[in-house]
Amino acid sequence: MNQPTPASALKRFGGRYGNTMFIALALIGIAILVNVTPLKEQTWLRVLFGISALNFTLRATVPLVLGALSGILCERSGIINIGIEGMMLAGAFGGFVAKTSTNHWPLAASLIFSVAVAVAIGGLMGAVHALFSIRFRMDQIISGTVIIIFALGTTSYLYNRDAIAEGKFSSIALPGLARIPVVGPVLFDNPPITYLALIMVVVVHVALFYTRWGLRTRAVGEHPRAADTVGINVNRYRYVNTSLGGMLAGLAGAFLVLEAVGQFQEGMTAGRGFISLAAMIFGNWNPFGALGAATLFGYTQALQNELLLAGVTRVPRQFISMLPYVVTIIAVSGLVGRVRPPAAEGKVYETEGSQ
Amino acid sequence: MATASTTTGFIRPLRALIIPFLALLVALLAGAVVMLLSGDDPLAAYSGLFQGAFGDGKSWARTIRKTVPFVLTGLSVALAFKVGLFNIGASGQFVIGSVFAVAVGINFDGLPAFIHLPLALIAGIAGGLLWGAIPGFLKVYTGAHEVIVTIMLNYVASLLGGWTVYAGGTQGQTPGPLWDRTAGAISETPDVLSSAQLPWLFGPPYRVHYGIFLALAAAILIWWLIFKTPLGFEMRTVGHNMRAARYAGIRVNYTIILAMALAGGLAGLAGAIETLGLNHKFAPEFGGAVGFDGITVALLGQTHPIGVLLAAFMFGALDGGAAAMQFESGVPADIIQIIQALVLAFVAAPLIIRMIFRLRRQTHGDAGSPVSASWSGP
Amino acid sequence: MKRIRPLKILVLLAALALLLAACPAAVPAADTGAADSAASAGAEFKVGLVTDVGRVNDRSFNQSAWEGVVAAADMLGLADDDIKYIETQDAKDYADNIQQFIDADYNVIVSVGFALGDATIVAAQDNPDVFFIGVDQFQGEVLPNLAGLIFNEDHSGYLAGVLAGSLSQTGTIAAVLGTDLVPPVVAFNEGYVAGAQSVNPDINVISTYHPGEISQAFVDPEWGAATAKQALDQGADVIFGAGGITGNGALQEIATADGAGETVFCIGVDTDQWNTVPAAQPCLVSSAMKLITPGVVDLVSLASEGNFPGGNYFGDADLAPFHDFDDMIPQELKDLLEATKAGLIDGSIDTGYGN
């Protein structure tokens, strides 16, 4: 691998994401046009590009992209993580318990504390997944399944339905930026975890591809033997990455409880962990790819809702509701084609002579 | 990787049962601790659970009735694992199987039962086959990952199933094609004609139908297919190493599509049996939650048909006893899920059990089962 | 190695103790059960409840029905042991769970939700000595021991529509609903639309049902919240949240929106949600109620007196009090609501539902 220079990095980025970026910019342009001109009176344009659709898209995207990032961190180091759903749910529950027991604190302190707890619980689940996979050599798909079922059962069993979380995160408008038409209200007037999620995409991308830690993580995921030979502690990287991944899933849970809804509900992740998994694969284990996939999914969900709100009844509503799923299937079979997971995924790594 | 070659025998040594048994024991103990910590009475809970699962004839009947779909969805997931594919789509295949079976079951009045019933069952299998073949086909010809496609198809199947029985709301929408016109505003199909209903082995109040024999037959058939036929050998070879299989001249693409279709057919049969034997109609609430449990059952049974049978029976008993447990002790059924997760963990990581009981290590098998291979694909 | 031995012995001992304790416990428990039932044949009065898939404390219709059972038990002086519930895990268990109570010689069995209708009818036909109360179950044929507790949801929906249509300044109101696979939800919405149009024929009602499957439709608060936000973005200023936890998510979202309680309002459903969802209080003007709890109390006490009414039994469907918003509602609107209610009862106003 060549040492990246800023210029070559930009070029590589442009090469890899150029088309996506162009489409995204074009869409934003149309959206601005639609919303600032009388065109928004056109039902179809409003349905496709209205601010409500864009807001819904971002909101639906946040937990998905965090889940996908969680998967990317684990899988880039060679640990399969199908347990995102469980980690998310456990994080959501942890955040809820923390929030209900600190209701008497000042709102901001209580919320921040609860996010920390959610992230910690998610990290703990990640660590358990790593422990199962590495120390106990459990099959990683089984371990992920265990985490999902365990989280579902435990959170439902322990959930005190009389507990009430008081308050949730509200939007913070970024001064100046929030006043840009369309882009402002959609992107720059959001609650904190939404900003954090978008920042995390960049952070994970940079960390994975432009730091020594990222290089080593990828080496561990692609060719652990070689990494070991040059003195990298393979399993330590896997423990750390899987725990970090769990923390991101926990943050997605915190988003659901502390920012989006304000309450916990059994099974409230409602399959978002699995959609994240799909977004991760769809995005070819790349942070920006995952963001694109999650956004596509969020957008089709928004569109489906917009169509129903606009009273489109000629087509049975079930077929409109299929939109996100069918679009995803078409996209993965037509657009991305074959994806390639990290080569050493799912395999226990044993150092020479560890038997 | 070792397990597939070491478990070709129909009956594995009894020793293989020691670990699962100890795992269940430790999981029950851990569940008891959880209950004690949260102020519930584990003894009352477990005695209720036991009575509900095996206490009398009706309990046994319920356990068996609940075992049937777990066997079939478990086999569905297990078969795909053998070929190195991860079938998360059993619940969608279950729904489509139910819909196809009910479509035949409510039509063709006057057909004799010995034609109508098999026809309805075959329709269910065919529906599942088709739905399962889609991800296989897309994987082979476009490279779409079967995990994404099966997850998405679950949602599509659930919506499609809902549409077929949709009452139409009052928004001027047309009702679904299978909707029961006499059901008013309720979205459901009419009852399956008696000539297409799976007969009772023991009638009400036991309500055990002949489906259990179909499930057992399917388990034996799949065992035979995987371990005793050339096709099964090809499937296992593809599952072990796709590239090597290709070099060896095995028709990898054909095998993948066929395996996914068969997996779908099994889950479809599960849906058909539940519909024709028990529910006697299809409604959106008879969805395919049992499909996700199929993953757990397959993993717990270490993807071996006999293991799947045993695991399904355990799930059937735990699920069957859950209501009685809550009735006797007030402990909610969520504790069952916790126990299931722990059993799976302990079975999949024999090291933990060995550590607790200081059992000697076997020469092979500790490295876990080979299902992770299914991630990477071709 | 030696250190592990005590643990092993402990675990084995505990396991043994558990087995020994569980087995004998199982037998006497069955015995006393039989003895109890023999003794109770005439004397005791026991009431059981089977939930629809969901929890007995779901802050929704299962909870309302269970509260009815508890209140009836208080009134009749029943012991705590004489009322029990089973939470259904899977739709195909309805018949089994009802049978559990029949086998234990319960006198009254409450089954909650239209989906249990068929199983309840079969059980009632087979057990003429047991009284059955089917909440939300319309009875086509009268069985003397089965009462379907049903409601004119379209009436309370209509009142909510009149209220929403009168309060709206923007001319756009919305409804965020559970699935249309459940008839009462459709009835609420149809009544709501008709009521709003009765005060403002030009009003724009954007309403949408949860797009997912039935098991998800009432327990997805994040979808409810995101959809409520989407409706706000489209200019709706009164939003009706009708769909269990999903609807509660919508209410809580509106409660934290800009202008909540001043320019933006929400309307709850089923019970007076001022009490059940305190977080919604900032925007909650009223709730379209169907009073399950008093209906169950009435029917249980009628059963205990031996005056059980078979067939359909209509519970009250009405608008909840305005609470803190009482001063904001002009007197003429209150008068209009009273008049509308009278008209609905005497049949001079038709909601159009079910025609």
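The values are calculated or read from the model by the stated rules, or taken from the named source; none is laboratory data. Since the model is a prediction, treat every value here as computed from it, not as a measurement. No Cβ is skipped: glycine too gets one built from the backbone with ideal geometry, and neighbour counts run over all protein chains shown.
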Could you pull out the residue among A:PHE264, A:PHE297, A:PHE274 that is within 7 Å of another protein chain (Cβ to nearest Cβ), hydrophobic (A, V, I, L, M, F, W, C) and in contact (Cβ under 8 Å) with a residue 40 or more places away in the chain? A:PHE274
Name the single residue, out of those in the range C:164-201 being of a type in the set (A, V, I, L, M) and facing chain B (nearest Cβ under 10 Å), that is farthest from the chain's Cα centre (by Cα). C:VAL193
Criterion violated by A:ALA163 - all others in (1) surrounded by fewer than 18 Cβ atoms within 10 Å (Cβ to Cβ); (2) in a helix (DSSP H, G or I); (3) not β-branched (Val, Ile, Thr) satisfied: (2)
Residues of the range B:255-314 classified as in a loop (DSSP other than H, G, I, E, B) and touching a residue at least 12 places away in the same chain (Cβ under 8 Å), total: 12
Can you tell which of A:ASN103, A:ASN81 is surrounded by fewer than 24 Cβ atoms within 10 Å (Cβ to Cβ) and not in a helix (DSSP H, G or I)? A:ASN103
Give me the residue from the range A:59-73 that is in contact with a Ser or Thr (Cβ under 8 Å, 6 or more places away or on another chain) and at the interface with chain C (Cβ under 10 Å from one of its Cβ atoms) and, out of that set, nearest to A:ALA252 (Cα to Cα). A:PRO63
How many residues are in a helix (DSSP H, G or I) and at pLDDT below 90 if we restrict to the range B:230-244? 5
Going by the structure shown, is A:LEU308 touching a residue at least 24 places away in the same chain (Cβ under 8 Å), within 14 Å of chain B (Cβ to nearest Cβ) and in a helix (DSSP H, G or I)? no
Can you name the residue in the range A:178-210 that is surrounded by fewer than 16 Cβ atoms within 10 Å (Cβ to Cβ) and outside any helix (DSSP H, G or I) and, of all such residues, is modelled with the highest pLDDT? A:ILE180
For the subset of the range B:59-96 comprising residues that are out of contact with any strand residue (DSSP E or B) (no Cβ under 6 Å at 6 or more places or on another chain) and under 15 Å from B:ALA322 (Cβ atoms), which member is nearest to the other protein chains (Cβ to nearest Cβ)? B:ARG62
For A:LEU258, state whether it is away from chain B (no Cβ under 11 Å), in a helix (DSSP H, G or I), over 14 Å from the mean Cα position of the chain (by Cα) and within 30 Å of B:ASP334 (Cα to Cα). yes
B:ALA78 vs. criteria buried (at least 23 other Cβ atoms within 10 Å of the Cβ), over 20 Å from C:ASP93 (Cα atoms) and touching a helix residue (DSSP H, G or I) at 6+ places or on another chain (Cβ under 8 Å): yes
Between a residue in the range A:45-70 that is within 20 Å of A:ARG179 (Cα to Cα) and any residue that is among the hydroxyl-bearing types (Ser, Thr, Tyr), which pairs come within a Cβ distance under 6 Å, given they are 6 or more apart or on different chains? A:THR57/A:TYR299
Pick from the range A:322-343 the residues that are surrounded by fewer than 20 Cβ atoms within 10 Å (Cβ to Cβ) and assigned to a loop (DSSP other than H, G, I, E, B): which of them is modelled with the lowest pLDDT? A:GLY337
With touching a residue at least 40 places away in the same chain (Cβ under 8 Å) and more than 15 Å from the chain's Cα centre (by Cα) as the only criterion, which of C:ASN127, C:ASN152, C:ASN107 stands out? C:ASN107
Could you check how many residues of the range C:80-97 are assigned to a helix (DSSP H, G or I) and facing chain B (nearest Cβ under 10 Å)? 7
Do you know which residues across the range A:153-172 are farther than 18 Å from A:ALA254 by Cβ and within 14 Å of chain B (Cβ to nearest Cβ)? A:GLY153, A:SER156, A:TYR157, A:ASN160, A:ARG161
Conditions (1) over 19 Å from the mean Cα position of the chain (by Cα); (2) at pLDDT below 85 -> C:LEU76 fails only (2)
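This table checks each residue for (1) out of contact with any strand residue (DSSP E or B) (no Cβ under 8 Å at 6 or more places or on another chain); (2) part of a helix (DSSP H, G or I).
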| residue | (1), (2) |
| --- | --- |
| C:TYR313 | no, no |
| C:ASP318 | no, no |
| C:LYS334 | yes, yes |
| C:GLU338 | yes, yes |
| C:LEU344 | yes, yes |
| C:GLY352 | yes, no |
Is it the case, given these coordinates, that C:GLN169 is closer than 23 Å to A:ALA53 by Cα, polar (S, T, N, Q), assigned to a loop (DSSP other than H, G, I, E, B) and touching a residue at least 12 places away in the same chain (Cβ under 8 Å)? yes
For the range C:292-308, does any single residue satisfy the condition of being in contact (Cβ under 8 Å) with a residue 40 or more places away in the chain, outside any helix (DSSP H, G or I) and either in contact with a helix residue (DSSP H, G or I) (Cβ under 9 Å, 6 or more places away or on another chain) or surrounded by 15 or more Cβ atoms within 10 Å (Cβ to Cβ) (or both)? yes
Can you tell me which residues in the range C:244-283 are assigned to a strand (DSSP E or B) and within 21 Å of C:ILE214 (Cα to Cα)? C:GLY268, C:VAL269, C:ASP270
Tally the residues that are within 14 Å of B:ALA90 (Cβ to Cβ) and of a type outside the set (Phe, Trp, Tyr), restricting the search to the range B:302-319. 3
Taking the stated definitions as given, is C:ILE150 of a type outside the set (D, E, K, R), touching a strand residue (DSSP E or B) at 6+ places or on another chain (Cβ under 6 Å), buried (at least 24 other Cβ atoms within 10 Å of the Cβ) and more than 28 Å from A:TYR157 (Cα to Cα)? no
Of (1) more than 16 Å from the chain's Cα centre (by Cα); (2) farther than 30 Å from C:GLY244 by Cα, A:GLY289 fails just (1)
Kindly evaluate C:GLY241 against the criterion of being in contact with a Leu (Cβ under 8 Å, 6 or more places away or on another chain), within 17 Å of C:GLY157 (Cα to Cα), part of a helix (DSSP H, G or I) and at pLDDT 90 or above. no
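Condition check ((1) more than 23 Å from A:GLU350 (Cβ to Cβ); (2) assigned to a helix (DSSP H, G or I); (3) facing chain A (nearest Cβ under 8 Å); (4) modelled with pLDDT of 60 or more) across all residues:
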| position | (1), (2), (3), (4) |
| --- | --- |
| B:GLN337 | yes, yes, yes, yes |
| B:LEU344 | yes, yes, yes, yes |
| B:VAL347 | no, yes, no, yes |
| B:LEU351 | no, yes, yes, yes |
| B:MET355 | no, yes, no, yes |
| B:THR363 | no, no, no, no |
| B:ASP366 | no, no, yes, no |
Restricting attention to the range C:115-130, which residues are in contact with a helix residue (DSSP H, G or I) (Cβ under 6 Å, 6 or more places away or on another chain) and under 15 Å from B:GLU188 (Cβ atoms)? C:LEU116, C:ALA119
